[in-house]
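Scroll down for the structure; my scribbles are underneath it.
Read-outs: derived from the displayed coordinates by stated rules, not from any lab. Just so we're clear, the structure is a prediction, and the values are computed from it rather than from any experiment. Backbone-built Cβ (ideal geometry, glycine too); neighbour counts: all protein chains shown.
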Amino acid sequence: MSALVDVGLIDDVKRFGAADVSACFSCGQCTAMCPLSSNDGTFPRRLIRYAQVGMKDALLSSKELWTCFYCGECSDTCPTQADPGGFMAAARRYAIASYDKTRLAKTMYTKPVLGTLIALVLAAFFALFMYREHGPQHASALKLFDFIPEPLIHYTGVAVMALVGLAGLAGILSAARSIAKKEGLSLGSVVGRGAGKAWWSALWTESLGQKRYRSDCQTAQEASPWYRKRWLIHAMTMWGFLGLFAATIIDYGLALIHVKPTGAEVPIWYPVRLLGTLAGLALIYGTTMLIVDRLRKANRSASDSTFADWLLLTLLWITGVTGFGIELALYLPHAPAWGYWVFLVHVSIAMELMLLLPFTKFAHAIYRPVALFFVARGKEKEAGPG
Ligand code: SF4
Ligand code: SF4
């Protein structure tokens, strides 16, 4: 086991947005406040200690890094302004960048000017790439796939997904290996006996169902009306994105099995269209609220916005709004010409969003369930057989 000390660790994490945690004297106040630390008397200050003494491997392999929801309760009561919640968020960014071998995540997190340039170039590239092959814009009816050919979108999407899969898988494997090793589990335990139950808990109960975010971390949200609860806004964003993704895949699936061609006219209540509409509304609501909260610095986690936060939110919001714009254009009595341009923007930004997923904050949506899986496996191990 590597026990090398990285003396620059604390400064490295600071580059990802952490406050100066060198002031932390391990008083334990954050541990007392944290709603997640009931079974662990050292969370989150143990991770701060790792950064202070340069234990990089220990920090990167900590499953606890991914259990924190950044409610900020610990930061509000820290006597030294070390901002432990902010440290946890920065350490997660640092971990995502460390697991990413392409180093693109590090650029997106730490170099906002270059990151902006990359984002603009990518958007322009996809738009020009699609537009290069464009067909006619019919005025009588909105024939979107006559304008941008469906096979071009399909094969570009497949290529993007393959790149994302390769980059994402490399990072996830690296994270899973180090967390499993620290927990005394083998990587094979991801498919072994009892794995199904642990995956269910990690993926459904904790991640998609947000059980602890809704219950344990709710103290910071008590004063908000239900439609402003942070867990709900987070859930709307996540479910909205997944719903749109599912609607796109199902639409292609229906074309493959000859139920209906992609882009065929369907009524608004057609199940896939309905799924896309509801998911789009959820995504627009969730991302708009997240943007408003960040602009207003409405809570602790919304007051520390990095370029990567804004980039992800902007791409998600544009994807949702342009998707809705396309739908509106499709059902208007006279096909508006702007519908074609909104479609081009939608497809280009959606491609960019997918391509950047492993390199933005969205990556934590993958790392968190992996870490939570090992949390569940660790508990099973502690409980022993029977
Ligand atoms: S981060 Fe703050 S509250 Fe937590 S142990 Fe350090 S000094 Fe105490
Ligand atoms: S931000 Fe909230 S969940 Fe995270 S360590 Fe602090 S108190 Fe715990």
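Checking the table Lys101/Lys182; Lys14/Lys229; Lys63/Lys111; Lys229/Lys297; Lys56/Lys101 against a 18 Å threshold on Cα-Cα, which pairs fail?
Lys101/Lys182; Lys14/Lys229; Lys63/Lys111
With +1 on each Lys and Arg Cβ and -1 on each Asp and Glu Cβ, and nothing else charged, work out how big the dipole of the range 104-383 is about its Cα centre, in Debye to the nearest 20.
It works out to roughly 1100 debye.
Between Lys381 and Val158, take the C-beta separation as r, use R0 = 51 Å, and let me know the FRET efficiency to the nearest 0.05.
The pair Lys381/Val158 has a calculated efficiency of 0.80.
Over the range 204-287, what is the relative contact order in whole percent, taking alpha-carbon pairs under 8 Å and six or more residues apart?
It comes to 36 percent, rounded to a whole number.
Pick out, from Ser178, Ala337, Leu313, the residue whose Cα sits farthest towards the positive end of the charge dipole of the chain, with +1 on the Cβ of Lys and Arg and -1 on the Cβ of Asp and Glu.
Comparing the listed Cα positions along the dipole, Ser178 ranks first.
At 0.890 mPa s and 25 °C, plugging the Kirkwood radius over alpha-carbon pairs of the range 149-212 into Stokes-Einstein gives what diffusion coefficient in µm²/s?
Estimated via Stokes-Einstein, D reaches 172 µm²/s.
Can you give me the C-alpha center-to-center distance between the range 154-219 and the range 327-359, rounded to a whole angstrom?
30
Please label the shape of the range 160-317 as rounded, prolate or oblate, based on the square roots a ≥ b ≥ c of the eigenvalues of the alpha-carbon gyration tensor (a/c under 1.5 means rounded; beyond that, a/b larger than b/c means prolate, else oblate).
oblate
List, in order, the whole-Hz ³J(HN,Hα) value for each residue of the range 312-318 obtained from phi through the Karplus relation with A = 6.51, B = -1.76, C = 1.60 and θ = phi - 60°; use x for Gly and Pro.
Coupling constants for the range 312-318: 4, 4, 5, 5, 5, 5, 4 Hz.
Straight-line reach from Lys143: which lysines fall under 18 Å, measuring Cα to Cα and dropping same-chain residues less than 8 apart?
Those lysines meeting the cut-off are Lys260.
Just need the relative contact order of the chain here, percent rounded to a whole number, with Cα pairs under 8 Å and 6+ apart.
Over the chain, the number comes to 23 percent.
Can you give me the orientation-averaged projected area of the convex hull built on the Cα atoms of the range 88-166, in nm²?
7.2
Just to compare against my own numbers: the Cα pair-distance distribution for the range 310-386, 10 Å bins, whole % per bin, please.
The calculated distribution, bin by bin, is 17, 29, 20, 15, 11, 6, 2.
Normalised by the number of residues in the range 19-145, what is the relative contact order in percent for Cα pairs under 8 Å and 6+ residues apart?
Result for the range 19-145 is 20 percent.
Residues with amide H under 5 Å of Ile148's amide H, sequence separation 5 or more or different chain, H placed in the peptide plane at 1.01 Å from N; which?
Those lying under 5 Å, H to H, from Ile148 are Gly135.
Evaluate E = 1/(1 + (r/R0)^6) for Ser215 and Leu128, where r is the Cβ-Cβ distance and R0 equals 35 Å; express this FRET efficiency to the nearest 0.05.
With R0 = 35 Å, the Cβ-Cβ based efficiency is 0.15.
Between Cys27 and Ala223, how many nm apart are label points set 7 Å from Cα along the C-beta direction?
2.3
Could you size up the charge dipole of the range 9-99 around its Cα centre, putting +1 on the beta carbon of Lys and Arg and -1 on that of Asp and Glu, and report it in debye to the nearest 20?
Dipole of the range 9-99, to the nearest 20 debye: 200 debye.
Work out, step by step, the length gained on full extension between Ile268 and Thr80: first 0.36 nm times the residue separation, then minus their alpha carbon distance; give nm to one decimal.
Gain on stretching Ile268 to Thr80: 62.1 nm.
Exposure proxy check: Glu352, Glu133, Glu150, Glu64 ranked by fewest other beta carbons within 10 Å?
Least crowded to most crowded, the residues run Glu133, Glu150, Glu64, Glu352.
Ratio of the chain's C-alpha Rg to 2.2 N^0.38 Å, to two decimals?
1.06
Over the range 9-99, one equal point on each Cα, no solvent: what is log10 I(q)/I(0) by the Debye formula at q = 0.22 Å⁻¹?
-1.05
Quick one: dipole size for the range 169-326, taken about the Cα centre, charges +1 on Lys/Arg Cβ and -1 on Asp/Glu Cβ, in debye to the nearest 20.
It comes to approximately 440 debye.
Could you list the trypsin sites (Lys or Arg not before Pro) in the range 290-386 that lie in coil according to DSSP, counting only those with at most 12 other Cβ atoms within 10 Å of their Cβ?
Lys297
How many angstrom lie between the Cα centre of the range 227-249 and the Cα centre of the range 67-131?
Here the two parts' Cα centres lie 20 Å apart.
Farthest toward the dipole's positive end in the chain, which of Val191, Thr42, Pro151, given Cβ charges of +1 (Lys, Arg) and -1 (Asp, Glu) about the Cα centre?
Most positive-ward Cα: Thr42.
With everything on Cα atoms, drop me the angle between helix 112-131 and the longest principal axis of the chain, reported from 0 to 90° to the nearest 10.
Taking the Cα atoms of the chain, the angle to 112-131 is about 30 degrees.
Compare the Cα positions of Pro369, Phe16, Thr80 along the charge dipole of the chain (+1 at Cβ of Lys, Arg; -1 at Cβ of Asp, Glu; about the Cα centre) and return the one farthest towards the positive end.
Positive-most Cα among the choices belongs to Thr80.
So how much slack lies between Val190 and His258, counting 0.36 nm per residue of separation and subtracting their Cα-Cα distance, in nm?
Full extension of this stretch gives 20.8 nm more.
Grab the Cα-Cα distance for Arg177 and Leu120, subtract it from 0.36 nm times how many residues apart they are, and report the gain in nm with one decimal.
Computed gain between Arg177 and Leu120 is 17.1 nm.
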